[in-house]
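The values are calculated or read from the model by the stated rules, or taken from the named source; none is laboratory data. Keep in mind that this is a model prediction, so the values were computed, not measured. FYI the Cβ positions are ideal-geometry reconstructions off the backbone, even for glycines, and counts take in every protein chain you see. To get the accessible areas, we keep the full protein, side chains included, count just its heavy atoms, and leave off ligands, DNA and RNA. Shrake-Rupley method; radii C 1.70, N 1.55, O 1.52, S 1.80 Å.
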Amino acid sequence: MNKLTIRDIEVGSRRVLVRADFNVPLDEATGAITDDSRIRATLPTIKYLIERKARVILCSHLGRPGGEVVEKLRLRPVAQRLSELLGQRVEVAPHSSIGPEVEKEVEKLRGGDVLLLENLRFQPEETENAPAFAQALARLADVYVNDAFGASHRAHASIVGVANYLPAVAGFLLEKEINVLEGILANPAHPFAELAGGAKASDKIAVLENILDKVDCLLIGGGMAATFLKAKSYEVGSSLVEDDKLDFAARLIKDAAERGVHLLLPVDVVIADKISVEARVKTVSVEEIPPDWKIADIGPQTIDSFSEELRRCKTVFWNGPMGVYEIAKFAQGTQAMAKLLASLKATTVVGGGSTAEVVAEMKLADKMTFVSTGGGASLRFLGGGKLPGIEVLLERRG
Ligand code: ADP
Ligand code: MG
């Protein structure tokens, strides 16, 4: 990575503003954090700063409060979890993420103390990247650290704006994300496979196009498989098909063939008369999908053929569930792929919000080489796009 990191800058006793991605899933009913992976992933940066007696000011968004205070989206549960993980008090600054009261709290910090600012998106200026808001954030600190890979594709005040006013460097998580993703793009061990799924082909077009000249195999499941199957003239019933992406799918199939990329589509599928817990379900060959039925998961023969292909690969990037995994009877394909990847002696990288969630729920995250904390950000990066939050960081010279 050609950006400076917290290793390259003096942090001792300075006020360090760390943009983290504490956008964790919360239990609807109790408000409890259901998966704290994103909090844990930021610990190396926070601990490094504490050890060097920096005065640590953390900030993050949580959910989509839309520019106003939403009680359920306060960051107090995050501060509590952080306190437990760090073994020291972490306070949440009062009311807002900026202003005189917050500045007073910051003044009270001693070296090694940690303060968490309130949800950045309680202020509309955050997502608007308003210069005054970015300046107010910058006033709190001497140094800015971006450790929020998952938000770095967004040009928001705490990601981009603040870097205009403070020396801006990368945290360890951001550095790791970039190094891993750059590594699989630049020189992956071959054979290299992409396992793609998820709801829509349209979300993944850039990644699929960018990665096509790097991979040896491309395996497509999930809802987006229907668009590819239809492009190959299969009848896919009432499956979710993006008609305006049929040309793209047909071109990708042709490009893959020309480049010698082994493209695998489902050969059998689990279909349902509706996507719901009470649905009627059958498993059929892709040649036998009746009208009015929808593809909800990949079938057992597809699991076998995907598994066989992936077992001979040395690098696998996985994004997107193989089926509607939120409903148990459509989760088998996704779970089988998660278990298979976990068993491989290969570089396995998982990206995407839902995909990472499945891997975390199945307690398989430790068995993967790397689980990206960023959904949209990792896809943008692998699609060859620039992330504004990374562009603004200080360059490494020479
Ligand atoms: P990620 O967040 O990992 O990038 P996506 O957001 O692209 O993944 O897709 C996740 C969604 O895809 C899930 O909500 C899942 O229910 C849905 N999905 C997967 N397979 C199908 C399918 N066959 N039909 C409809 N939706 C599907
Ligand atoms: Mg998603």
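If you wrap the chain in the convex hull of its Cα atoms and look at it from every side, the mean projected area works out to 20.0 nm².
Available extension along the chain between residue 182 and residue 210 is 8.8 nm, counting 0.36 nm per residue and deducting the alpha carbon span. Between amide H atoms placed 1.01 Å from N, distances below 5 Å from residue 347 occur with 315, 316, all of them 5 or more places distant or on a separate chain. Taking θ as phi - 60° and the Karplus parameters 6.51, -1.76 and 1.60, the scalar couplings of the range 86-99 work out to 8, x, 8, 5, 10, 8, 9, 4, x, 6, 10, 8, 9, x Hz in sequence order, x denoting glycine and proline.
Taking 22 Å as R0, compute the FRET efficiency from the Cβ-Cβ separation of residue 386 and residue 203 and round it to 0.05. Write out the running numbers ahead of the final one.
Numbers: r = 19 Å, r/R0 = 0.84.
That pair, residue 386 with residue 203, gives E of 0.75.
Think of each Lys and Arg Cβ as +1 and each Asp and Glu Cβ as -1; about the Cα centre, that makes the dipole of the range 136-250 roughly 200 debye.
The share of alpha-carbon pairs in the range 120-279 lying farther apart than 27 Å comes to 48%. For the chain, the dipole from Cβ point charges (+1 on Lys and Arg, -1 on Asp and Glu) about the Cα centre works out to 1140 debye, to the nearest 20. Counting 0.36 nm for each residue step from residue 339 to residue 68 and taking away their Cα separation leaves a gain of 93.4 nm.
Kindly state, to the nearest 0.05, the FRET efficiency for residue 89 paired with residue 397, given R0 = 41 Å and r defined as their beta-carbon distance. Working shown, then result.
On the way: r = 39 Å, r/R0 = 0.95.
Computed FRET efficiency for residue 89 and residue 397 comes out at 0.60.
Mean projected area of the convex hull spanned by the Cα atoms of the range 252-308, taken over all viewing directions: 4.9 nm². Amide H to amide H, with H built 1.01 Å from N, residue 18 comes under 5 Å of 57, 58, 59, 145, counting only residues 5 or more places away or on other chains.
Summarising the amide proton neighbourhood of residue 392: residues at separation of 5 or more, or on other chains, whose placed amide H is nearer than 5 Å comprise an empty set. Applying both filters, DSSP loop and at most 11 other Cβ atoms within 10 Å, to the trypsin sites (Lys or Arg not before Pro) of the range 297-367 gives 345, 363.
Excluding residue 85 itself, what net charge comes from residues whose Cβ is under 10 Å from its Cβ, given Lys and Arg +1 and Asp and Glu -1? Local net charge: +1. Placing unit charges on the Cβ atoms of the charged side chains and taking the dipole of the chain about its Cα centre, the candidate lying farthest along the positive direction among 388, 5, 217 is 5.
Taking the charge dipole of the chain about its Cα centre, with +1 at Lys and Arg Cβ atoms and -1 at Asp and Glu Cβ atoms, the residue from 208, 323, 133 reaching farthest to the positive side is 133. Hey, which of these cross-link pairs are over 25 Å Cα-Cα: 204/339; 232/345; 176/386; 274/363? In this structure, 232/345; 274/363 lie more than 25 Å apart at Cα. Residue separation of residue 13 and residue 238 scaled by 0.36 nm, minus their Cα-Cα distance, works out to 74.9 nm of gained length. Comparing 299, 289, 275 along the charge dipole axis of the range 257-304, the residue lying farthest to the positive side is 275, per the Cβ-charge model.
Run the accessible area of the range 162-300 with a 1.4 Å probe and give the carbon-and-sulfur part as a rounded percent.
Numbers: 2840 of 5850 Å².
Carbon plus sulfur share of accessible area: 49 percent.
For the chain, the longest principal axis of the alpha carbon atoms and the long axis of helix 300-311 meet at an angle near 60°.
Net charge within 10 Å of residue 376 by Cβ-Cβ distance, Lys/Arg positive one each and Asp/Glu negative one each, not counting residue 376 itself? All intermediate terms of the calculation are to be shown ahead of the outcome.
Details: positive: 154, 380; negative: 203.
The answer is +1.
Rounded to the nearest Hz, the phi-derived 3J(HN,Hα) couplings of the range 43-56 under the Karplus curve 6.51 cos²θ - 1.76 cosθ + 1.60 (θ = phi - 60°) are 4, x, 5, 5, 5, 4, 5, 4, 4, 8, 6, 6, 9, 9, where x marks glycine and proline. With θ taken as phi - 60° and the Karplus curve 6.51 cos²θ - 1.76 cosθ + 1.60 applied, the whole-hertz 3J(HN,Hα) list for the range 200-206 is 10, 5, 4, 5, 10, 4, 4 Hz, x standing for glycine and proline. Accessible area per residue for the chain is 43 Å², calculated with a 1.4 Å probe on protein heavy atoms, without ligands, DNA or RNA.
If you take the beta carbon distance between residue 35 and residue 276 as r and set R0 to 22 Å, what does 1/(1 + (r/R0)^6) give as a FRET efficiency, to the nearest 0.05?
Values: r = 25 Å, r/R0 = 1.13.
Efficiency computed from Cβ-Cβ geometry: 0.35.
Across all Cα atoms of the range 54-145, the radius of gyration (one decimal) and Dmax (whole number) stand at 12.7, 36 Å.
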